[in-house]
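Reviewing the structure listed below.
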Amino acid sequence: MSNSKDKRIKRLKKKHIWPSVLGLFLILMLFALLIMLALGTTCLDVVQRKVNECSNRSAKIAGLYEEYNETSAESITTSVLTYMDMETDIETVAVTDTEGGEVWSSDGSYPNEDKMTEFELRQAKFGSGIQMLIEEDEEGVFSEDENTLVINTDIISKLDFVSLLNETDVFVDGGQASLLQLKVWYAVPVNHLNVFVLNQINVYANDLVMLLVTLVLFIIMISIFALYYIVSFVSVIVSIRKTTKIIYTDMVTGGDNWLGFVKKGTSLLKRNRGSRRKYAMIHLRMYKYRSFCTCFGVQEGEALIEKFYYALKKSLKYHEVMAYHENAEFGLLICYNDEQQLRDRIEALKSTLNAVLPNMKMYFGVGVCQIEAGQRDVEQLYNNALIACDMMGEDTENRIAFFDEEMNKQKLWERKVEDEMDRALLNKEFKVYLQPKISAMQEILAGAEALVRWIHPKDGFIPPNKFIPIFEKNGFILKLDDYMLEEVASLQARWISEGRKIVPISVNVSRAHFTREDLAEHICSIVDKYRVPHSVIELELTESAFFDDKKVLLDTVKKLREFGFIVSMDDFGAGYSSLNSLKELQLDVLKIDADFFRGENVEERGMLIVSEVIDLAKKLNMKIVAEGIESREQVDFLVEQECDLIQGYFFAKPMAVEEFVEKYKY
């Protein structure tokens, strides 16, 4: 799979979960910050309110000493004690004179002013100010700014909410246990006295009701948002899985498609470290699938593919994968121990497929690529197996072909030929070679056949069997045939202008040309550009052309003969319906295939057939050309049988035009 394709698939699969994760993180952080602010603000408010209450109580007690004297001392003391009984948060009241002398104390204790830290209480409603005195060996509780008293952050750590929840039933002296208890001296100067009031600042659970309510609301909100995002995550994950399943699902079989096969196959090969298992890539192809669809319909064809898929799927073992490729082709990645076991396994797979429709004979071709250690490119490995299957064709049923490097070289050669064929045609690298046709009776030049040779600027001479089959497969043979016809017509025109002797030159016409109904007119248009008599151009068609559109072939041959061209049948006897083609085609020349003169029993059987063919052609008013002649005995036999023309290495090999002219003084 290409990198760009792989990236596009990955982007398609992604649902971008990170925005949801980031959103949840930010919301949780926001809620945590709000909770901390609520805790801090609520605690500050509660403690500040308690401090203000202590300040007010201290100011009230100090107010009793505004007109203090010896006569009023007792009544003031009684009033103070009465007030202390009413305000349980006041622990001690002590009075000193301006010089520090002890005047009176409710419990006999006085503050140690030498070890006190003073804070001015600007909220006080009595006199010029009230001071809070905190002993230095206590943890700092308050800090001062310009306008008010602010609780020190250390107090927050003293609020143990877990203890609060666990100890709600604990009471001290009939009251609820405090979460926080501080003892603070308040110093209030009154006339010539200093009034000290030791206050207890107690923070109880009911003082934090709003905090608890806020906390519960925040927890509920967090839970709702967390639930929402959890549902969102689950939805995204389910969506990703659905998307992934769609991406890797084949629409015909419902199983893994080719992308899934490549992904799983690559993963298997990566995990096969140290080559613990031997793997082979299999390309399995059903021949004549399109014929099946033509007979039974496309839906039945797809149903057959689906049955094939699940039959093969059941045959797979652990650590093996497969997928439908296209056009009744399957890719399989299977394990094996040795080559014989692999062959047996493949035969078993083909038997499994034949059992799907037991009443119908089906044919399969199999290409195999045995995977070496370190090979992980599933696409390339499958392509190798595909090449092996292509190289063997469809001639023999149920064959198995193993990939080797020679096959790869052949494919690379085909690629090279296809890349350079247009340039070669434009640069006239294809050269006309002529092989003489000799009169059997007189042994003089009576004609020639134009054969193509490729003279490559780098590779030199390239024989026709290295490129003609490729051109026939990819259709370039049509351009090459036109090129050769034009080169021969041009050559004949030049020789005519030079006053040379002219003999007919035959040019091959590929069966691919007979798909066009105006072929005769097309050939005429090429030849007529050079004003060459049609009689000096012989058009050779192969017997295989008879298996295409018969009507077009018959009409084209008829027109060509009417236009004055000589029409011949090449390789007569190489096909399966030679006599039938002779019955329907009106031809001028019959070329006997060279195979009749090769191999064993030539003298007995081959020559007998040649003799009968020549006799038949004579009766049909056709000339006979025997090709592939390599010995004097064969020549003598053909002369005896009154063969017209002989072509073969005995007289001459194909040669360049210049050599042909020099040899025959043409």
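The values are calculated or read from the model by the stated rules, or taken from the named source; none is laboratory data. For clarity, every value in this text was computed on a predicted model and none was experimentally measured. Reconstructed Cβ throughout: ideal geometry from the backbone, glycine too, with neighbour counts over all protein chains shown.
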Practice prompt. Please specify each residue of region 431-479 satisfying the condition of being over 21 Å from Glu627 (Cβ atoms) and aliphatic (A, V, I, L, M).
Written response: Ile455, Ile462, Ile470, Leu478
Discussion item. Part of a loop (DSSP other than H, G, I, E, B), farther than 24 Å from Cys389 by Cβ and hydroxyl-bearing (Ser, Thr, Tyr): is that true of Tyr318 in this structure?
Written reply: yes
Worksheet entry | Checklist (1) touching a His at 6+ places or on another chain (Cβ under 7 Å); (2) surrounded by fewer than 18 Cβ atoms within 10 Å (Cβ to Cβ) applied to Val356, failing item | (1)
Worksheet item: Pick from Tyr336, Tyr309, Tyr324, Tyr363: which is in the same structural domain as Gly374 (by TED's automatic domain parsing), touching a residue at least 24 places away in the same chain (Cβ under 8 Å) and closer than 21 Å to Gln375 by Cβ?
Response: Tyr336
Worksheet item: Looking at this structure, is Arg376 closer than 25 Å to Lys270 by Cβ and in a helix (DSSP H, G or I)?
Response: no
Item to complete: Please tell me if Leu39 is modelled with pLDDT under 85, crowded, with 16+ Cβ neighbours inside 10 Å, within 30 Å of Val231 (Cβ to Cβ) and not acidic (Asp, Glu).
Response: yes
Worksheet entry | Pair list, Cβ < 6 Å and 6+ apart or interchain, from region 441-468 residues that are in the same structural domain as Asn508 (by TED's automatic domain parsing) and closer than 15 Å to Glu418 by Cα to residues that are in a helix (DSSP H, G or I) and modelled with pLDDT of 90 or more | Phe467/Val417
Worksheet entry | Single residue of Ile90, Ile151 found to be at pLDDT below 80 and within 25 Å of Gln48 (Cβ to Cβ) | Ile151
Worksheet, complete the sentence: In region 80-106, residues that are in contact with a Leu (Cβ under 9 Å, 6 or more places away or on another chain) and not polar (S, T, N, Q) total 9
Worksheet, complete the sentence: Exactly one of Asp377, Asp344, Asp390 is modelled with pLDDT under 85 and either polar (S, T, N, Q) or surrounded by fewer than 20 Cβ atoms within 10 Å (Cβ to Cβ) (or both), and that one is Asp390
Item to complete: Identify all residues within region 396-435 that are among the polar types (S, T, N, Q) and not assigned by TED's automatic domain parsing to the domain that holds Tyr382; write none if there are none.
Response: Asn408, Gln410, Asn427, Gln435
Discussion item. Can you pull out every residue in region 336-361 that is out of contact with any helix residue (DSSP H, G or I) (no Cβ under 6 Å at 6 or more places or on another chain), aliphatic (A, V, I, L, M) and not in a helix (DSSP H, G or I)?
Written reply: Ala355, Leu357, Met360
